[in-house]
Ligand code: 3PG
């Protein structure tokens, strides 16, 4: 059995070592394809793979067509919008993610970016503190919960909106449940996005919500660029020169935004929320273990397709 790790953005070397150990101990072969620049390289490598471990790498119908022996794809991470679930199901391929394994890393970056925003991108001018400010968490999954935990240390007042999460879970974490999306944006100085990119959420955060934010509002996006309606956000930022937007990945209109809203936007060059040795080790080894459990014992606890 061959397990292929295909990562355009590689794991830390120590994580690859950990993955290797899991796979070799199970008696399987490991192939690692890193930093590939052409899809053809992935199509070639996947041809005789029984299992595939990826990060944000695109696993579409073409990749699945090329992978005649493939039984499982594990997305080492949370969001699986990069995998064509319908095509995988049609090919009889199980798709899994590794929920929670990289969430602390992403949550820490939220604060790295929030502090940067309220300190005026470290430009030397007087900024403000997070202590005592209100924080709205848009979706209370694994990352959102870690964000709430860290916000407690900063002394922020935290509320969250998540129709899929019971109020009691938020209350236990010291977070005020919010049920109206407009209130989440209207009442919070900092809003942190943790919604997945789905048909429902694509372009769902734009002008109408962002203009509701209080004076000095900061929108932090460590989720996906697709959830933002960029034109709407830009319209809001044009009308309100107090608003700031910081995101872990460059938006489609990044150049335009950097020129027009200089000092009010910041974008990482490459998605780096989960780019820590710890997150790579956690998610990578979890993915390897899930592959082995599936191939050896048929365990599919983290399956996300039908
Ligand atoms: C995730 O969905 O787990 C994060 O966005 C991390 O993605 P990455 O593995 O591409 O860094």
Just to be sure, is residue 105 surrounded by 17 or more Cβ atoms within 10 Å (Cβ to Cβ), assigned to a helix (DSSP H, G or I) and within 16 Å of the ligand (Cβ to nearest atom)? yes
Give me the pairs: first residue in region 89-113 and on the phi > 0 side of the Ramachandran plot, second residue within 13 Å of the ligand (Cβ to nearest atom), beta-carbon distance under 8 Å, and six or more apart or on different chains, which are they? 100/78; 100/142
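Given the structure, is residue 69 farther than 18 Å from residue 275 by Cβ and free of Cβ contacts under 8 Å to residues at least 12 places away in the same chain?
Numbers: farther than 18 Å from residue 275 by Cβ: yes; free of Cβ contacts under 8 Å to residues at least 12 places away in the same chain: no.
The answer is no for residue 69.
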Going through region 180-237 in order, the residues found to be over 22 Å from residue 257 (Cα atoms) and more than 16 Å from the ligand (Cβ to nearest atom) are 180, 181, 182, 183, 184, 186, 187, 188, 199, 200
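No value in this document is a laboratory result; all are computed from the given coordinates. Everything quoted here is computed from the prediction, not taken from an experiment. Positions of Cβ are generated from backbone atoms using ideal geometry, with glycine treated the same way; all protein chains shown enter the neighbour counts.
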